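Participant: Pasting in a structure now, in structure tokens, and then I'll have a few things to ask.
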Amino acid sequence: MKIKNFSIVYILWMLIFTIIPMALIFIFAFTDKSGEFTLENFFYVGRYSNVFLRSIGLGAISTIVCLILGYPLAYIISKISVDKQNIVIMLIMLPMWINFLLRTYAWMTILENNGLLNRFLSILGVAPISFINTSGAVVLGMVYNFLPYMILPIYSAIAKIDKRIVEAAQDLGAGKCNVFLKVLLPLSLPGVISGITMVFVPAVSTFIISKMLGGGANILIGDLIEMQFLGSTYNPHLGSAISFVLMILIFISIGIMNQFDDSDEDLDEVGCK
Amino acid sequence: MKKKLFFFIFIFFLSFIVVFSFILYKNSQKSKITINVYNWGEYISDGSNGALNVNEEFTKRTGIYVNYSTFQSNESLFAKIQNGGAKYDVIIPSDYMISKMIKMDMLKKLDFEKIPNYSHIDESFRSLEYDPTNEYSVPYTWGLVGIFYNKKLVDEEEKNINWNILWNKKYSGKILMFDNPRDAFAISQIRIGISLNSSKKSEWLKAANDLKQQKPLVQAYVMDQIFDKMSNGEAALAPYYNGDAATLLERNKDIGFVIPKEGTNKFVDAMCIPKNAEHPVEALAYINFMCDPKIAAENIKYIGYSSPESAAKSQLDPKVANNKICYPDDQVLKNAQVFTALPDELNAFIDSLWVNIKTGEEGNPFALIAVLIGFILLYLIVFLLKKKKNKTV
């Protein structure tokens, strides 16, 4: 009874800080300055389609890179002894304790034309390569910042897998390749799915990385929204409309991802769990 | 039962304490008046490093307390005043924002009889374009946009440097530009001779084309990052505000600063009183106090921007007062233009031009619709495939 009463606090919290802001975005997106209903904002959003395409593209690339880098690492971590596992996991989390802005700023000094990397290359006799102010640098920034969000869920999914299942597969004559493809991969899929969601969503809507590493020319949706609220135009209606379209896109992509996430149900049916 | 009783007593006491302290607080408020001042960050002499604490001095002189808070951009100030969430008595926005707020009837007309120190404000800072009738604002500081250049990387002599150098192919990849549309367009507009406050879309398009041609030469579009990028030699040329020249010139001896004679953008930050101010009379006293040449000089010493008062200028270190960066020749000033507010619709148009310049491509509404439809189709395909698979299982 008491616990039930206590949950009201959370419901209230949700109402004030989740439902009402969402409703406000919705209202702002469909109204103009005088508060009347309009679809004009969405017409203006169309002007920025290139920014949407770029954001989705760069977000997808960094998600794939994170997956390629993160999955093997998560697998390796799950194979080492438990004591070491904790240390490695802490090391992965460690950069997350440092402020996001500072981490990105550090990359700026590394990638600049006079930066650490190019100085090192000039010692080797390689002509300076411009790393900074390219979309590659933006992807690098996203991968660096969001990689832990990929590794951790995959790791916990793999760590949860019952070793006996793997042993059973081996007993039945499955090779290493088959064990991985037919047993480990499907069972770790939920982790992969939540990893992809956790990287893709913030990567698409990030804004400061593109400003610091992309030289301002690699505008992403986040920058565009920031421009509407803090820029010289100050147009919260357009800003909300952009957020709204972004929300729909993310909503659909999560929907797509969830369709893959059926391994749990299958297992229940087969009776493995 | 006992527990409940205890609980009620506890609640009763708690509310009693709250009400009592609130009454005490209200009473203490009555005896002293506090005005709310809203200014840019780092934009007043605050008593650090032995400087005068201007707000404390005001309280000492008048007995009026100051509740001082700061903002980061004109837009955040505007949003706060418009939402009506907070009531301020004195605000210090920039030129174009003042003109916008005048148009939207958000500012109070000032009673200049209560601001005798207004006489110290130089003639050239009265009735500027943003407040043409000179009824709503009293200038606080001003500044100009100029070009920072690295003497080691730029061959041209100082007198030959003008806005065209930012379009010079020789410095490709070494040029920084403003990362906000109004400032960036202003440079191109001065270069090709268009008014900064033009209301013709065709003229803005012309400037946009000019900026598009410059884009391949630009290393990055930045704001505060120019401090880092210029001082470590990453970039050779960058337009920025003269008030920050002292900081940057100190960091790297090779850096010079030029204000092109052909014209530039002059910005003025001025004190205003919002319509909903609770203590307008005390606010006038504060504005008058800030115009006192002694106080103005103290503030200018701390801020580093220029003062609109000659009397305050004469109290500064002659090195600063005769510094051509902060107080350039009349000829430079004569060609300088001030921003005024543009219609919302034009602002939105400029924003989209700006994004197109930076991304190098035109937006196409159909592309966005195609993306949305593509996403939905993908969802349906995956959904159907899964259904099929489940059936076969």
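Participant: So, by mean Cβ neighbours within 10 angstrom, what's the order for B:174-181, B:105-112, B:253-260 with the highest one leading?
Facilitator: Going by the mean number of other Cβ atoms within 10 Å, highest first, we get B:174-181, B:253-260, B:105-112.
Participant: From the phi angles alone, apply the Karplus equation (6.51, -1.76, 1.60; θ = phi - 60°) to the stretch B:145-159 and give each ³J(HN,Hα) in whole Hz, x where the residue is Gly or Pro.
Facilitator: Ordered by residue, 3J(HN,Hα) equals 9, x, 10, 8, 9, 9, 4, 6, 9, 10, 7, 4, 6, 4, 5 Hz.
Participant: Sort B:294, B:266, A:176 so that the residue with the fewest other Cβ atoms within 10 Å of its own Cβ comes first and the one with the most comes last.
Facilitator: In order of increasing Cβ crowding within 10 Å: A:176, B:294, B:266.
Participant: Given A:177, A:161, A:58, which one lies farthest toward the positive end of the charge dipole of the stretch A:48-270, if we put +1 on the Cβ of every Lys and Arg and -1 on the Cβ of every Asp and Glu?
Facilitator: Farthest towards the positive pole: A:58.
Participant: With labels modelled as points extended 7 Å from the Cα through the Cβ direction, what inter-label distance (nm, one decimal) is found for residue B:60 paired with residue A:20?
Facilitator: Result: 4.5 nm between the two label points.
Participant: Between their Cα atoms, which of A:211/B:266; B:275/B:301; B:100/B:275; A:163/B:389 are more than 23 Å away from each other?
Facilitator: A:211/B:266; B:275/B:301; A:163/B:389
Participant: Any idea how far apart residue A:129 and residue B:33 come out in nm if each label point goes 7 Å out from Cα toward Cβ?
Facilitator: For the pair residue A:129/residue B:33, the computed spacing is 6.8 nm.
Participant: For chain B, calculate the relative contact order in percent as a whole number, restricting contacts to Cα pairs under 8 Å that are 6 or more residues apart.
Facilitator: This gives 25 percent for chain B.
Participant: Here's a follow-up. Given a Förster distance of 41 Å, report the FRET efficiency between residue B:376 and residue A:163 from their Cβ-Cβ distance, rounded to the nearest 0.05.
Facilitator: 0.50
Participant: With unit charges on the beta carbons (Lys and Arg positive, Asp and Glu negative) and the dipole taken about the Cα centre of the stretch B:310-393, which residue among B:356, B:341, B:314 sits farthest to the positive side?
Facilitator: Going by the charge dipole, the pick is B:356.
Participant: What is the mean number of Cβ atoms from other protein chains located within 10 Å of the Cβ atom of each residue in peptide B:354-360, rounded to a whole number?
Facilitator: 5
Participant: Let me ask something additional. Taking every residue in B:179-191, how many Cβ atoms of other protein chains lie within 10 Å of its Cβ, on average?
Facilitator: 2
Participant: Moving on. On average, how many beta carbons from a partner chain sit within 10 Å of the beta carbon of a residue in B:380-391?
Facilitator: 2
Participant: Determine, from the Cβ-Cβ distance of residue A:226 and residue B:334 and an R0 of 41 Å, the FRET efficiency 1/(1 + (r/R0)^6), rounded to the nearest 0.05.
Facilitator: 0.65
Participant: Which peptide among B:16-22, A:104-110 comes first, and what is the full order, when sorted by highest mean count of other Cβ atoms within 10 Å?
Facilitator: Put in order of decreasing packing, that is A:104-110, B:16-22.
Participant: Going through the stretch A:1-53, which chymotrypsin sites (Phe, Trp or Tyr not before Pro) have at most 10 other Cβ atoms within 10 Å and a DSSP loop state?
Facilitator: none
Participant: Based on DSSP H assignment, which helices of chain A show an axial Cα extent of at least 15 Å together with a mean Kyte-Doolittle hydropathy greater than or equal to 0.5?
Facilitator: What comes out of the filter, once short or polar helices are dropped, is A:2-14, A:49-79, A:82-97, A:100-111, A:135-160, A:185-205, A:236-260.
Participant: Calculate, for residue A:60 and residue A:40, the FRET efficiency according to 1/(1 + (r/R0)^6) with r their C-beta to C-beta distance and R0 30 Å; round to the nearest 0.05.
Facilitator: Taking R0 as 30 Å, the efficiency between residue A:60 and residue A:40 is 0.50.
Participant: Roughly how many Å is it from the Cα centre of the stretch B:329-356 to that of the stretch A:101-131, as a whole number?
Facilitator: Taking the Cα centre of each part, the stretch B:329-356 and the stretch A:101-131 sit 36 Å apart.
Participant: Right, another one. Give me the one-decimal nm value for the distance between modelled label points at residue B:70 and residue B:157, 7 Å along each residue's Cα-to-Cβ direction.
Facilitator: With each label point 7 Å from Cα toward Cβ, the separation is 4.2 nm.
Participant: Loop only by DSSP, 11 or fewer other Cβ within 10 Å of the Cβ. Give me the trypsin sites (Lys or Arg not before Pro) in the stretch B:186-233 that pass, ordered by residue number.
Facilitator: B:200
Values quoted throughout were computed directly from the atomic coordinates according to the rules given, and no laboratory measurement underlies them. Remember, it's a predicted structure, so these values are computed and weren't measured experimentally. Note that each Cβ is placed from the backbone with ideal geometry, even for glycine, and that neighbours are counted across all protein chains shown.
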